[in-house]
1. Can you tell me the dipole magnitude for segment 100-197 around its Cα centre, using point charges on the Cβ only (Lys, Arg +1; Asp, Glu -1), in Debye to the nearest 20?
2. Taking a quarter of the surface of the convex hull around the Cα atoms of segment 15-85, what do you get in nm²?
3. Of 196, 40, how do they rank once you tally other Cβ atoms within 10 Å and put the fewest first?
4. Once the Cβ-Cβ distance between residue 153 and residue 68 is put in as r, and R0 is 41 Å, what FRET efficiency do you end up with, to the nearest 0.05?
5. For segment 152-158, what does the Karplus curve 6.51 cos²θ - 1.76 cosθ + 1.60, with θ = phi - 60°, yield as ³J(HN,Hα) per residue in whole Hz, taken in order and with x for Gly and Pro?
6. Neighbour counts of other C-beta atoms within 10 Å: give me 32, 179 arranged from fewest to most.
7. Can you give the Rg and Dmax of segment 126-202 based on its C-alpha atoms, in angstrom?
8. For residue 175, what charge total do you get from the other residues with a beta carbon under 15 Å from its beta carbon, if Lys and Arg give +1 and Asp and Glu give -1?
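Just so it is clear, none of the values below were taken in a lab; they were calculated from the coordinates. Quick caveat, the model's predicted, so the values are computed rather than measured. All Cβ positions, glycine included, derive from the backbone under ideal geometry; neighbour counts span all protein chains shown.
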Amino acid sequence: MPNMTDPAPSTRPAAARRDPELGFPSPGEVLHRLRTQRGMSLRQVAAECGLSVSFLAALERGETDIALERLARLARVFGHDVGSFLGFSQGRAAPSVFPFRDQAVIERAPGVTYRVLRAPELGYQVVQGDFAPHSALGEDLRHEGTDLIIVTQGTLVARYNGLDHTLRRGDCVRWSAGHSHTFRNDTDEPARMVAMLFNSLY
């Protein structure tokens, strides 16, 4: 639900005001995208960077420019430097560290444990799945998005759309997650996979 105390920003920043020949995205457009991904209000962003709510709202609407020093303060709220905030580099002002202890642990089925890295701003989730010998999820999964899975230990059987695919250590598979899929370990040894889910499931 929108924060009723914030000035109403446009649902789509006015990127059309920016000269496309400049070769970089509108700072307001980037701000809108990043804060929406993180579920932050303009007031929350303003409190962290020391800029006014009205200024940030105008920036999102494309009605004002932003000085470099102010842009650096704004970028820092999202863990970026100015270059990575505007897409000029892949670097950030500091690495994003996700401590092992903060990752969610989910017992998905007897003998099957998921460790989930949740980082909404990334737009995807990383899941490590550990399968004990002769364990299985025991259910067919279907969800939006695309999955990318690599087996890092042992051997797993991935059943996708009714067909079995044997995946050994180092094998990687990508699929549309809208079709039924599941995993099992038919061997006497433990197995592990790492999955990148381009949708927030856990």
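1. 140 debye
2. With every direction weighted equally, the projected area is 4.4 nm².
3. In increasing order of surrounding Cβ atoms, one gets 196, 40.
4. 0.30
5. Karplus-based 3J(HN,Hα) across segment 152-158 equals 9, 7, x, 9, 10, 9, 9 Hz.
6. 179, 32
7. So, for segment 126-202, Rg and Dmax equal 11.4, 33 Å respectively.
8. Local net charge: -2.
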